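Okay, so here's the structure we're looking at.
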Amino acid sequence: MFPWMLEVTKNAPQMAILQLGYAFKNFFEGRAHYPTCRRKGRDDRFTLTNDQFRVQGKRIRIPKLGWLRMCESLRFEGKIVSASIARSANRWYASIVADTNTLFLPPTENQGAVGVDLGVTTLATLSTGETFIGPKASRSLQSRVKRLARSLSRKVKGSHNYAKAKTKLARLLARIADIQRDGLHKLTTYITGQFHTIGIEDLNVKGMLGNHCLARSIADMAFGELRRQLEYKAARRGGQVVVVDRWYPSSKTCSCCGHRLDEMGLQVRQWRCSDCGALHDRDVNAAINLRNMAVSSTVTACRGEGAGLAREAQGETIPGEAGIQQQS
Ligand SMILES: [Zn+2]
């Protein structure tokens with residue numbers, strides 16, 4: 001028996017055992033690594049079922065702790081299922097699961113179609129020609145990370161000053177993560193708010209997990225999250241995300257005439273089609289191709305307003321204008 005076991009609610013280990021069951025299931029089905037032990041101070045989180053806590057306005061009652069203030073009240077109505085309490089840097093978060101049917105957002109504005117090309121230097125390029133540079137932490141934040149990490153490394157492990165430096169660094173890293181998440185949410189909210197049909201590339205998420213290059217893997221994580229956000233936000237607005245086959249050569253195909261290049265280097269930013277003479281921006285051209293693929297795959301499947309509009313515009317794909325024509 002461990003002495004600290006009585007300090008926490010008996011429900012915390014209860015849920016943990018259930019979750020261990022899921023972890024082993026994921027492991028045996030090849031989705032995850034072998035479950036590892038949690039550690040106090042690192043994996044500070046637990047889950048409560050709805051009979052263990054109460055929410056009242058901007059406060060939550062947690063067994064053994066009593067009433068705690070929250071930053072905001074619960075935004076959704078419906079039956080509360082469970083709550084996960086977790087720590088990030090020096091803040092505690094409660095994620096409350098509610099069974100609700102009020103998730104639907106106002107429908108998309110212009111019901112058009114758009115293609116989204118994802119990249120490393122520019123996070124996303126739309127078929128309308130708009131580009132979004134991914135939310136990056138500013139240079140001053142980056143240099144502060146460096147400074148704090150250096151200061152942490154000079155402290156004696158286990159000392160009070162070590163703990164203080166560690167918290168400082170963790171807070172800064174959490175803030176950078178917040179900035180990045182905010183930027184991604186704004187981008188996906190914008191895209192799903194403007195366009196009904198969204199064409200994106202299928203990314204090899206499994207293959208990416210094996211990629212050890214840091215910059216690359218961070219970008220890949222952002223792509224996976226971007227797609228997840230697009231899919232759920234589009235669903236709530238009555239739109240749809242069309243995932244185009246991973247092997248479709250969206251960059252190498254001319255969006256005007258369909259001419260396909262045999263090869264194109266990664267550093268090529270602009271190219272002229274040898275067949276029809278159109279000048280293409282690499283990313284915009286790829287995005288237009290993704291849009292056309294998304295449109296053609298939905299025209300046969302559904303005959304909604306979105307598909308009808310998109311079909312009309314598809315006959316005349318002038319690069320750069322293709323997306324704008326949708327807005328009528
Ligand atoms: Zn061409």
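Scanning region 242-285 for residues that are of a type in the set (S, T, N, Q) and within 15 Å of the ligand (Cβ to nearest atom) gives Ser250, Ser251, Thr253, Ser255, Gln270, Ser274, Asn285.
Yes/no per residue for (1) over 26 Å from Leu203 (Cβ atoms); (2) surrounded by 13 or more Cβ atoms within 10 Å (Cβ to Cβ); (3) charged (D, E, K, R); (4) touching a strand residue (DSSP E or B) at 6+ places or on another chain (Cβ under 9 Å):
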| residue | (1), (2), (3), (4) |
| --- | --- |
| Ala89 | yes, yes, no, no |
| Arg139 | yes, no, yes, no |
| Gly158 | yes, no, no, no |
| Lys166 | yes, yes, yes, no |
| Arg171 | yes, yes, yes, yes |
| Gly183 | no, yes, no, yes |
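Six or more apart or on different chains, Cβ atoms under 8 Å: show the pairs whose first residue is in region 160-182 and aromatic (Phe, Trp, Tyr) and whose second is in a helix (DSSP H, G or I). What qualifies is Tyr162/Leu152. Looking only at residues of region 58-67 that are touching a residue at least 12 places away in the same chain (Cβ under 8 Å) and more than 29 Å from the chain's Cα centre (by Cα), we find that the one that is surrounded by the most Cβ atoms within 10 Å (Cβ to Cβ) is Ile62.
Does Thr121 meet the test of being at pLDDT below 85, hydroxyl-bearing (Ser, Thr, Tyr), open to solvent by 80 Å² or more (accessible area, probe 1.4 Å) and not in a strand (DSSP E or B)? Explain how you work it out, then say what you get.
On the way: at pLDDT below 85: yes; hydroxyl-bearing (Ser, Thr, Tyr): yes; open to solvent by 80 Å² or more (accessible area, probe 1.4 Å): yes; not in a strand (DSSP E or B): yes.
In short, yes.
The set of residues from region 37-54 being of a type in the set (A, V, I, L, M, F, W, C), open to solvent by 40 Å² or more (accessible area, probe 1.4 Å) and in contact (Cβ under 8 Å) with a residue 12 or more places away in the chain comprises just one member, Phe46.
Checked against (1) in contact with a helix residue (DSSP H, G or I) (Cβ under 7 Å, 6 or more places away or on another chain); (2) modelled with pLDDT of 85 or more; (3) in a loop (DSSP other than H, G, I, E, B), Asp51 passes all but a single condition, namely (1).
Taking the conditions (1) modelled with pLDDT under 85; (2) away from the ligand (no atom under 16 Å from the Cβ); (3) open to solvent by 30 Å² or more (accessible area, probe 1.4 Å) in turn, Glu231 satisfies each one other than (1).
The values are calculated or read from the model by the stated rules, or taken from the named source; none is laboratory data. Quick caveat, the model's predicted, so the values are computed rather than measured. Note: ideal-geometry Cβ built from the backbone for every residue, glycine included; neighbour counts use all protein chains shown. Calculation scope for accessible area: heavy atoms of the full protein, side chains included, ligands and nucleic acids excluded. Shrake-Rupley method; radii C 1.70, N 1.55, O 1.52, S 1.80 Å.
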